[in-house]
Structure formats: structure tokens, C-alpha cells
Amino acid sequence: GFGKTTLVAACIREVERSAAWLALDESDNDPIRFTTYLVAALAGIEGFQCGDTQALLQSPQSPSPDLLLTTLLNEIAACPHPFILVIDDYHLIQQPEIHNQLAFIVEHQPENMHLVLASREDPPLPLPRLRARNLVTEFRQHDLRFTNEETVQFLRVTMGLEIQPEAIAALESRTEGWIAGLQLAAVSMQGRNDLQSFVQDFTGSNRYILDYLMEEVFDKQPVEIQDFLKRTSILDRLHSGLCDRVTGKPNRQGILQALEDANLFIIPLDDERRWYRYHHLFAELLRQRLRETQAENIPVLHGRAGRWFSQNGFDFEAIE
């Protein structure tokens with residue numbers, strides 16, 4: 001929803017290089033299948049010969065990963081033209097063997113190949129070592145968020161909406177530059193006469209935002225994570241100790257870090273990663289789900305939060 005795929009596609013159109021594009025889904029969590037599709041994508045590159053790798057993949061006996069990957073890398077290195085390999089939606093891969101395969105490719109990557117990896121969360125690759133060697137460029141959520149100027153252009157030019165500057169600024173603030181939220185809001189505004197009122201009422205309960213977040217984010221989480229998200233949605237700020245008290249379960253710091261690693265609409269508020277908050281629209285969705293499923297528990301959760309704040313010197317928050 002932040003425009004990763006769109007950005008990569010736009011950049012590829014601007015460069016004078018061939019590109020191979022591998023779009024993944026959950027069914028690609030098989031090492032042989034993953035490599036087969038990877039080779040099929042590379043086969044579209046002009047001058048790329050992959051006969052040896054394909055022969056190994058079609059062998060009755062599965063080849064060793066080292067032999068398969070070494071053969072593939074040799075054929076990549078022999079390609080006469082520099083090219084770009086895009087692997088999209090890599091967050092859908094959960095198989096450790098595939099992660100190891102990709103790490104091997106990255107560590108031994110020929111100079112004629114430029115790898116672009118699009119993922120909703122950090123891949124389990126040696127990123128610190130790549131950063132130290134200046135071998136990786138990273139684009140994250142803050143890079144992809146729309147500025148106010150970009151929001152103006154999108155709403156007025158792309159979507160054709162006659163909307164006042166103050167309403168655009170309010171909408172950009174509510175969505176925090178999240179393009180999927182802006183687009184879904186724009187869809188909701190089509191044909192409306194009073195756009196100002198819509199912007200004032202625009203929240204995570206808007207049916208388009210709600211449907212998107214429910215399908216793409218919330219419903220795909222494990223039950224434990226769903227329960228954590230709903231219970232902690234009453235909080236304006238999240239802290240591991242506070243979350244422990246509110247949820248009634250210990251060691252919630254690991255969940256906070258996992259949510260951040262997964263880019264699950266959670267924003268760190270300090271460099272030490274002690275305090276977080278949810279994206280505003282996502283928080284509103286979570287509070288709505290909490291009201292729908294655990295309304296009787298809401299006073300209990302607030303009571304737990306108030307006691308934690310009081311015991312830790314946050315009197316204003318405790319009173320609130």
C-alpha cells in the first residue's frame with residue numbers, strides 16, 4: 001500500500017537496462033519452485049543462457065543447492081549485458097532454505113546484475129554487512145510517504161477532485177502520506193458534493209479503508225497478534241511494560257519489535273525503540289474491532305493502563 005511495486009516499475013522505465021521481474025506468492029515457498037521461477041524470469045533477459053541451470057532443475061535427482069546456485073551465478077556472469085533482477089513481495093517467503101539461497105546469490109552476485117528486492121519487512125539477509133560495505137540502498141516508509149505537494153497533485157490532477165488546500169493538508173495528515181489511504185479516500189470522495197465534511201469525518205472506519213486494512217493487514221495476523229493489537233489500541237503510546245500490563249501477558253517487547261520489523265503500521269517514537277504508536281487510521285480500525293468483539297473489556301483495559309501510568313510517574317496519562 002505504500003507504492004513499492006509502482007516505484008520500482010517507474011524506475012525501470014527510466015533506465016536503459018533489461019529487467020527480469022519475479023512476483024512471488026505464498027505457493028513459492030519451495031526451494032526448487034522458487035529457483036525454477038527465478039530462472040524463468042531471467043530467461044527473458046537478452047543474451048542470457050540458462051541451459052545448464054535448467055538441466056539441473058529438470059534432473060530426476062535434486063541437485064545440491066551449492067551446485068545449482070553456482071551454476072546459475074556462472075550463467076548470470078556470462079550474460080553480455082548488465083540487467084536488473086526484481087524480486088517483488090519477498091515478505092511472502094518464509095522458507096529458511098530460500099533465504100539461504102538468496103543470501104548466497106547476494107554474497108556472490110556478479111557485477112552485471114543489479115538486484116532489487118521489494119518487501120513489506122526486512123528480509124533475513126546480511127543487511128548490516130552490506131550497509132557497512134556500501135552495497136545496499138534502502139527505501140523505507142518515510143521515503144515513500146507522499147508530501148503535501150505530492151498529495152495535492154494526486155488528488156487534484158490524478159483523481160480530478162476540486163478540494164481546498166486546508167482539506168488536502170488535513171487528509172495528508174490523517175493518512176500520514178500513505179498512498180493506499182489517500183487513494184481509497186479519493187475513491188470515497190468521487191461524486192460527493194461536500195468534500196470538506198468528508199475529510200473532517202475521514203477515519204479508519206471509512207468502509208474502503210476498513211475493508212483494505214482488514215483484508216491486507218489485520219486478518220492475516222495470528223490470533224495472538226490480533227488480540228494484542230486490539231487490546232493495545234486504547235493506548236496513544238506503546239511501551240513494552242505498559243503492553244504487558246494491559247494485555248495481561250509478559251514479554252510484549254518482542255511483539256512490538258516484530259510489528260516494527262513487519263512494518264505493521266507501527267511507528268517508533270525514539271531512537272532506543274522504547275516507545276511506539278500505531279498509524280492513526282490503523283489505530284482507529286483496531287479500536288473499532290475492539291468495540292465489536294470485546295466491548296465489556298474496554299474499562300478493564302483502561303484501568304490496567306491507568307495503574308501502570310500512575311506507578312511509573314505518568315500522572316497526566318494515568319488520569320486520562
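The values are calculated or read from the model by the stated rules, or taken from the named source; none is laboratory data. Remember, predicted model here, so these are calculated numbers, not experimental data. Note that we place each Cβ from the backbone using ideal geometry, even for glycine, and neighbour counts take in every protein chain shown. In case anyone asks, the SASA skips ligands and DNA or RNA and just uses the protein heavy atoms, side chains included. Shrake-Rupley method; radii C 1.70, N 1.55, O 1.52, S 1.80 Å.
When shorter helices are ignored and each DSSP H run of at least 4 residues is given -39500 (n - 2.57), the per-residue value for the chain at 222 nm works out to -15500 deg cm²/dmol. Translational diffusion coefficient of region 254-319 (Stokes-Einstein, Kirkwood radius from Cα pairs, 4 °C, 1.567 mPa s): 96 µm²/s.
Simple point charges give the picture: +1 on the Cβ of Lys and Arg, -1 on the Cβ of Asp and Glu, and for the chain a dipole about the Cα centre of about 740 debye.
Taking 17 Å as the straight-line reach from the Cα of Lys249, the lysines in range (excluding those fewer than 8 positions away in the same chain) are Lys230. Projected label points at Ser197 and Arg291, each 7 Å from Cα along the beta carbon direction, are separated by 2.0 nanometres. Per atom type, the chain shows carbon and sulfur on 49% of its accessible surface, probed at 1.4 Å. Ranking Ala9, Ala283, Gln95 by Cα position along the charge dipole of the chain, where only Lys, Arg, Asp and Glu carry charges on their C-beta atoms, puts Ala283 farthest toward the positive end. Remark: region 104-257 projects, on average over all directions, an area of 13.0 nm² (convex hull of Cα atoms).
Across q = 0.17 Å⁻¹, region 125-182 modelled as identical point scatterers on its alpha-carbon atoms has Debye log10 I(q)/I(0) values of -0.59, in the order of the q list.
Any idea how far the Cα center of region 156-171 sits from the one of region 249-320, in Å? Taking the Cα centre of region 249-320 as reference, the centre of region 156-171 is 32 Å away. Can you pull out the trypsin sites (Lys or Arg not before Pro) in region 107-168 whose DSSP state is coil and whose Cβ has at most 15 other Cβ atoms within 10 Å? Answer by residue number: Arg133, Arg140. For region 79-133, pairs of C-alpha atoms spaced more than 12 angstrom apart make up 70 percent of the total. Within region 204-279, the GluC sites (Glu not before Pro) that combine a DSSP coil assignment with at most 10 other C-beta atoms in a 10 angstrom radius are Glu272. Between the amide H of Arg277 and those of Leu238, Ile267, Leu269, distances stay under 5 Å, these residues lying 5 or more places away or on another chain, with hydrogens modeled in the peptide plane. State whether region 25-117 is rounded, prolate or oblate according to the following rule on the C-alpha gyration tensor (a ≥ b ≥ c being the square roots of its eigenvalues): a/c under 1.5 gives rounded; otherwise a/b larger than b/c gives prolate, and the remaining case gives oblate. Oblate, because a/c is 1.5 or more while a/b does not exceed b/c. Averaged over its residues, the chain has an accessible area of 53 Å² per residue, based on protein heavy atoms and a 1.4 Å probe. Over all orientations, region 200-316 has a Cα convex hull whose mean projected area works out to 7.8 square nanometres.
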